Amino acid sequence: MTELLQSGRPFFLVGICGAGMSSLAMLLHSIGMDVRGSDIANDGPEAERLTSLGIQVMSEAEASGVLRHDEVLVRSSAIRPDNVVLMAAAGIRADVLHRTDVLSAVASEYFLVAVAGTHGKTTTSGMIGYVLARQGFAPTICVGGHIAGFDEVFPPEGTQRRHLGYFVMTKFWYGRRQFARTMWCSWLQRGSERTFSIEQTSCLLSHQSIS
């Protein structure tokens, strides 16, 4: 889906103020996509944060009337089939993708570090990202939470090392195990699949020996 990430492509995220969706919105914005979205909670702290970055946030009622045919509508498993924005997208035949499809496309352009497990994935992803940053790797981190120690949400625009940089994320997203299978097949095809324990990861990072 490399054509999905052409510079300036318009994306519309439904439920954009949610933890996972707001991270995806900021990630897409940071790599040059045209991003906006809607949420029932469109006047809270997360909406203000997105707006401060130049990402428009609107109500679902407003969004249902201004959605454009050329926009890629992105939804999560939390969005019901009768959502007014989703129905509006169907009415104008706009492309609709699940957030994990988009995330998979973005992640495929980086060296992916995916953290799996039942609990502690966001914390562990943040720790790995922080260590990578301290070692000078300038990683991109996409998790459903805020990580202390980072002054910027993502590397400043134009500084991403796509195809060379590190992308750290939680491997399993609610309601979308297919994403894990998709990414695993991608790793097999690229011949770069590797699994490390926390102890091994710490040792590798401390010696800057990941390649």
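The values are calculated or read from the model by the stated rules, or taken from the named source; none is laboratory data. This structure is a prediction, so every number in the text was calculated from the model and none was measured. Please note: Cβ atoms are built from the backbone with ideal geometry, for glycine as well, and neighbour counts cover all protein chains shown.
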For region 91-111, indicate whether the set of residues that are assigned to a helix (DSSP H, G or I), over 13 Å from the mean Cα position of the chain (by Cα) and surrounded by fewer than 12 Cβ atoms within 10 Å (Cβ to Cβ) is non-empty.
yes
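So if I check each of Asp70, Asp82, which one is in contact with a Pro (Cβ under 8 Å, 6 or more places away or on another chain), surrounded by fewer than 20 Cβ atoms within 10 Å (Cβ to Cβ) and not assigned by TED's automatic domain parsing to the domain that holds Gly144? Show your work before the answer.
On the way: Asp82 fails: in contact with a Pro (Cβ under 8 Å, 6 or more places away or on another chain).
Residue meeting the stated conditions: Asp70.
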Sort through Arg75, Arg9 and tell me the only one that's over 18 Å from Val143 (Cβ atoms), surrounded by fewer than 17 Cβ atoms within 10 Å (Cβ to Cβ) and not acidic (Asp, Glu).
Arg9
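Part of a strand (DSSP E or B) and either surrounded by fewer than 19 Cβ atoms within 10 Å (Cβ to Cβ) or touching an Asp or Glu at 6+ places or on another chain (Cβ under 6 Å) (or both) - does that describe any residue in region 46-60? Spell out the reasoning first.
Residues of region 46-60 part of a strand (DSSP E or B): 56-58.
Now restrict to residues that are either surrounded by fewer than 19 Cβ atoms within 10 Å (Cβ to Cβ) or touching an Asp or Glu at 6+ places or on another chain (Cβ under 6 Å) (or both): 56.
Checked region 46-60: at least one residue is part of a strand (DSSP E or B) and either surrounded by fewer than 19 Cβ atoms within 10 Å (Cβ to Cβ) or touching an Asp or Glu at 6+ places or on another chain (Cβ under 6 Å) (or both).
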